[in-house]
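Presented below is the structure to which this report refers.
The values are calculated or read from the model by the stated rules, or taken from the named source; none is laboratory data. All values derive from a computational prediction rather than experimental measurement. Note that each Cβ is placed from the backbone with ideal geometry, even for glycine, and that neighbours are counted across all protein chains shown.
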Amino acid sequence: MLKIDTHAHILPPDWPNLAEKYGDDRFPVMVKTEGRHRIYKDGKFFREVWENAFDPEVRIADYAKFGVDVQVVSTVPVLFSYWAKPSQALELHRHLNDHTAEICDKYPSHYAGIGTVPLQAPTLAIQEMERCVDELGLCGVQIGSHCESFNLDAPELFPFFQAAADLGASILVHPWDMMGRESMPKYWLPWLVGMPAEQTRAICCLIFGGVLERLPSLKICFAHGGGSFPYTIGRIEHGFRMRPDLVATDNARNPREYFGRVYFDSCVHDEAALRYLIEVAGIDTIMLGTDYPFPLGEQEPGSGITALGLGEIDQARLFHGTALEWLGLPYERFASTLD
């Protein structure tokens, strides 16, 4: 069965040292010493990465161990650089997007790609998204759960979402720059607690801000199973009903009604949670996603869906049907991987 991982991060083996070029250590830098690849940010060690973060053939072989055929690759959120001057961020984004397109062109049956844009400058973001789709052949773009002072309901961002809908671009919303991180520095809490909260903030803003209501054709997916949103929908809906004066100020539609109109990946790390996500959101909106190749990702790609013991039709929907629909790609593009 064709299996497509829609949430897989990739890095180029190197990228421009903008920290040095612009005298700003906030730009991430890749440092290679003694065969090791380390990312530094703010002048401090951030993360070590290995060949599976950037070598396309290593990744194909790694996925093959688990019977997964296709990776939909996107950049690592630390590179979003939404805080930077737009022209400087665009310089980095264009390099990343060109690399993603190069991988997809070289291995078209194993890779599809979504780009990255300087969301802090919506006009530039639209232009780069159009370049990603129209010139580079990418399927859409990945964005963060917020952008500096902008939540995703910000009026400044609506033209970007409208352009994405008009273009038919796939949008992946990924948590980043987690809220509350300064107050919870221990126990990896920004990733364990902040990430789910970030996704909930993003979804609520797009719903309550009326963005999804105004753009019903927008193809948007929320990574990490939508964070806490599907599991707190009861509380969110209750607040909508009890205090519409506070919650329903910009959109009078019940938030539960948006299940079926947005997509989620399957990266929830718990069989019961995935069953519930399918129940509340609908199987037609869930797709395989792993957060490969990082520790917080699904370590055996596809194992979460396999563990459900579903029938072939439902498995096919989760493993590739929803992904192809979201990406707007034909099954035939990847069929050769099954030969």
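A few comments on the model shown:
- Taken residue by residue, region 279-295 has at least one member that is among the β-branched types (Val, Ile, Thr), assigned to a strand (DSSP E or B) and touching a helix residue (DSSP H, G or I) at 6+ places or on another chain (Cβ under 8 Å).
- Number of the condition not met by residue 226 [criteria: (1) under 24 Å from residue 60 (Cα atoms); (2) crowded, with 23+ Cβ neighbours inside 10 Å]: (1)
- Pick from region 64-76, criterion outside any strand (DSSP E or B) and in contact with a Gly (Cβ under 6 Å, 6 or more places away or on another chain), ranking: nearest to residue 299 (Cα to Cα): 66
- Selection from region 7-19 of residues that are not in a strand (DSSP E or B) and not aliphatic (A, V, I, L, M): 12, 13, 14, 15, 16, 17
- Any hit, region 88-98, residues being at pLDDT 95 or above and outside any helix (DSSP H, G or I): no
- Any pair with Cβ under 6 angstrom, 6 or more apart, that starts in region 198-216 at a residue that is buried (at least 20 other Cβ atoms within 10 Å of the Cβ) and ends at one that is β-branched (Val, Ile, Thr): 202/173
- Restricting 112, 101 to those that are over 21 Å from residue 82 (Cα atoms), under 19 Å from the mean Cα position of the chain (by Cα), aliphatic (A, V, I, L, M) and not in a helix (DSSP H, G or I) reduces the list to 112.
- Test: residue in region 146-167 that is hydroxyl-bearing (Ser, Thr, Tyr), buried (at least 24 other Cβ atoms within 10 Å of the Cβ) and farther than 17 Å from residue 94 by Cα: no
- Helices (runs of 4 or more DSSP H) (entirely within region 157-255) containing at least 3 residues that are more than 21 Å from the chain's Cα centre (by Cα), over 27 Å from residue 5 (Cβ atoms) and not hydroxyl-bearing (Ser, Thr, Tyr): 233-242, 244-247
- Verdict on residue 290 being buried (at least 22 other Cβ atoms within 10 Å of the Cβ), within 30 Å of residue 153 (Cα to Cα), within 18 Å of the chain's Cα centre (by Cα) and in contact (Cβ under 8 Å) with a residue 60 or more places away in the chain: yes
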